[in-house]
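The values are calculated or read from the model by the stated rules, or taken from the named source; none is laboratory data. It should be emphasised that the depicted structure is a prediction, and the values quoted were computed from it without experimental measurement. Methodologically, a virtual Cβ is constructed for each residue, glycine included, from the backbone with ideal geometry; neighbour enumeration extends over all protein chains shown. Only protein heavy atoms, including side chains, enter the accessible area calculation; ligands, DNA and RNA are left aside. Shrake-Rupley method; radii C 1.70, N 1.55, O 1.52, S 1.80 Å.
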Amino acid sequence: MKYEEGRTFMIEATRAHKEIHNSEYRKIKAILDYSPITIEYPGYKANGDYKAWYKTEIMDAAEALTHADIVHTIFNKVTKENFNEYIDSLECVFLYGLQCSNTGNLKNLIFWLTLQEDINYPMAAGKQGRKLPFQRYYEAILAKLGHYKLDRIVYRTNNHGSGIPSLLAIPSGIKKPVFYDLDTKF
C-alpha cells in the first residue's frame, strides 16, 4: 500500500463507520489489526485520522508510539556500517509505503505513524505531511553519526505548534534523501 492508497483507505473506512453510527461515530471506535500494530479510528483531527497502537507479546499493554519514539529507535539501531541502508530504507518507505521490501520491521510502524501526517496535514494542501517526521528520522541518523546531539533532534521532533524546523546542514559524504527538502512537492 502506498501513501495515497492508505489515505484513501482510512478516509473511506471512517466514512463507512460514520454511515453506520451516525452522530455517535466518534464515540464508537473501530479497530484494524495489523499485529503488532492496531489502528483505532476515527481520530479527532481530519476525516480519516486514527491512533496507532503498538504491542508485542512481551509488553503488558499497548502503547501509542510517537515520532520521538521512532527517532530513538532509529538512533539506537543505526551504526556507521549500516547508516546508508537506513537512509535508503527511509527514502523507500517515504516514496512507496508498504511496498518496500528492504526496510525491516520498522516499515509498518513508520508507515502507519506517518500516514496520519498526510491525512491531517496534506502536502496537496501546501502542508508538509509525512515529510516532517521523515526529516526527523533522517536527522536521528545524522545524530548517531555524531554530527548532532540526539536531544536536539528529539526537541525538533516535539516542536508542536512552533512552526516548521529549518533543515540541518548535511555533512559532506552523507546522502540527502528526497524528502529532506522543504519545498519539493509530492
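For the reader, a short list of remarks on this structure follows.
- For the stretch 156-172, the set of residues classified as more than 18 Å from the chain's Cα centre (by Cα) and either in contact (Cβ under 8 Å) with a residue 40 or more places away in the chain or surrounded by 13 or more Cβ atoms within 10 Å (Cβ to Cβ) (or both) consists of LEU168, ILE170, listed by residue number.
- Number of residues in the stretch 111-129 that are at negative phi, touching an Asp or Glu at 6+ places or on another chain (Cβ under 9 Å) and in a loop (DSSP other than H, G, I, E, B): the value is 2.
- In this structure, TYR148 does satisfy being open to solvent by less than 50 Å² (accessible area, probe 1.4 Å), aromatic (Phe, Trp, Tyr) and more than 30 Å from TYR41 (Cβ to Cβ).
- The set of residues in the stretch 113-129 that are more than 11 Å from the chain's Cα centre (by Cα) and buried (at least 20 other Cβ atoms within 10 Å of the Cβ) contains only ILE119.
- In the stretch 110-129 there is at least one residue that is under 17 Å from PRO165 (Cβ atoms) and of a type in the set (Lys, Arg).
- Selection within the stretch 130-184 - at pLDDT below 95 and on the phi > 0 side of the Ramachandran plot: GLY161, GLY163, GLY173
- Residues (modelled with pLDDT of 95 or more and closer than 13 Å to PHE186 by Cα) located in the stretch 98-129: none
- Test: residue in the stretch 130-145 that is of a type outside the set (A, V, I, L, M, F, W, C), in contact with a Gly (Cβ under 9 Å, 6 or more places away or on another chain) and open to solvent by 40 Å² or more (accessible area, probe 1.4 Å): no
- Within the stretch 52-76, considering residues that are of a type outside the set (A, V, I, L, M, F, W, C) and closer than 18 Å to THR157 by Cα, the one farthest from the chain's Cα centre (by Cα): ASN76
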